[in-house]
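Remarks on the structure that follows.
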Amino acid sequence: MPRVTTTLLKEKKARKEKITMLTAYDYSMAVMEDEAGIDVILVGDSLGNVVLGYDSTLPVTMDDMIHHTRAVARGARNSLVVGDMPFLSYHVSIPEAVRNAGRFIQEGGAQAVKLEGGVERVDTIKAILDAQIPVMGHIGLTPQSVHQFGGFKVQGKDMETAAKLIRDAKALDEAGVFSIVLECVPAPLARRITEEVSVPTIGIGAGPDCDGQVLVINDILGLYKGFTPKFVKRYADLHPLVAQALQAYKEDVESGAFPATEHCFAMKEEVLEKLY
Ligand code: KIV
């Protein structure tokens, strides 16, 4: 099967076929998502929350992202791999943004990058596109702006912010992004944006009318306890299963039940005897 391309994603929008996207941060999960036929694997900067244990995405560095993108790229044979540009990797200057986007392709093995923001990021996006690097946009509740938003809040509920989101989406479309993530946007607004832009929209907490959906893999697998956002559907509840397995391992080691004969390597008796 050939690798999913940005062109294929646009064709899917035209054919009204839904696009599937999930995050992954390591080789094993990338292999499983790739085998499941997920169109796009995003190495999200949600890495900061779900893998590195930070309470936001803000501390995540380019080196963190490249390290995990390389692992995912080694596992993804057919899915399109998108590297998420972390906080401050595209804000300081356009040349720095292009160089950092290039690292995802050259060192990370990704096929595209994603960055947060609308109208204010158009020049940066155009410069990255000039370097022949496909860009995915991301608007709505963009987690790197959490302090500016004053918390994690649904975006576009009033006239002013809804109109801004429509302007942002159109600006990204005109700039040449191949797709736009809409995060935590009311479903009717996401529908309107999806109708108005030429490229596929990928929703997360943006209702059923986007051209595709994305979720964080740890959320859908129920890999940790604690808060689960309203827009997440859990397809497995792995946390208690893992906890149970770890408890059983601990008990087996402590009681001597593990390792059993079948887990051990034998050697010839005469070799052993000569050692004494
Ligand atoms: O970092 C991430 O996981 C993301 C998705 C939630 C879209 O940006």
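The values are calculated or read from the model by the stated rules, or taken from the named source; none is laboratory data. Everything quoted here is computed from the prediction, not taken from an experiment. Positions of Cβ are backbone-derived with ideal geometry, glycine not excepted, and every protein chain shown enters the neighbour counts. The protein model used for the area step is the full one, side chains on, heavy atoms only, and it has no ligands, DNA or RNA in it. Shrake-Rupley method; radii C 1.70, N 1.55, O 1.52, S 1.80 Å.
General observations
- Once the range 17-32 is narrowed to residues that are open to solvent by less than 10 Å² (accessible area, probe 1.4 Å) and not in a loop (DSSP other than H, G, I, E, B), the residue that is nearest to the ligand (Cβ to nearest atom) is Thr23.
- Test: residue in the range 43-56 that is in a loop (DSSP other than H, G, I, E, B) and more than 18 Å from Asn218 (Cβ to Cβ): no
- For the range 200-245, a residue qualifies if it is acidic (Asp, Glu) and more than 19 Å from Asp55 (Cβ to Cβ), and the qualifying residues are Asp209, Asp211, Asp237.
- Test: residue in the range 103-122 that is farther than 21 Å from Val214 by Cβ and touching a strand residue (DSSP E or B) at 6+ places or on another chain (Cβ under 8 Å): no
- Answer residue from the range 43-64, given it is among the aliphatic types (A, V, I, L, M) and open to solvent by 10 Å² or more (accessible area, probe 1.4 Å) and is farthest from the ligand (Cβ to nearest atom) among those: Met62
Residues are listed down the side, and each one gets a yes or a no for (1) among the aliphatic types (A, V, I, L, M); (2) crowded, with 20+ Cβ neighbours inside 10 Å; (3) not assigned by TED's automatic domain parsing to the domain that holds Ile94:
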site	(1), (2), (3)
Asp130	no, no, no
Gly140	no, yes, no
Val146	yes, no, no
Phe149	no, no, no
Lys153	no, no, no
Glu160	no, no, no
Lys164	no, no, no
Arg167	no, no, no
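- Ala101 vs. criteria of a type in the set (A, V, I, L, M), within 16 Å of the ligand (Cβ to nearest atom) and assigned to a helix (DSSP H, G or I): yes
- In the range 79-91, the condition of being surrounded by fewer than 20 Cβ atoms within 10 Å (Cβ to Cβ), on the phi < 0 side of the Ramachandran plot, free of Cβ contacts under 8 Å to residues at least 12 places away in the same chain and assigned by TED's automatic domain parsing to the domain that holds Ala169 is met by at least one residue.
- Whichever residue in the range 199-224 is under 17 Å from Ser46 (Cβ atoms) and assigned to a loop (DSSP other than H, G, I, E, B) and, among such residues, is nearest to the ligand (Cβ to nearest atom): Val216
- Looking only at the range 113-123, and only at residues there that are away from the ligand (no atom under 13 Å from the Cβ) and hydrophobic (A, V, I, L, M, F, W, C), the one that is farthest from Ala169 (Cα to Cα): Val122
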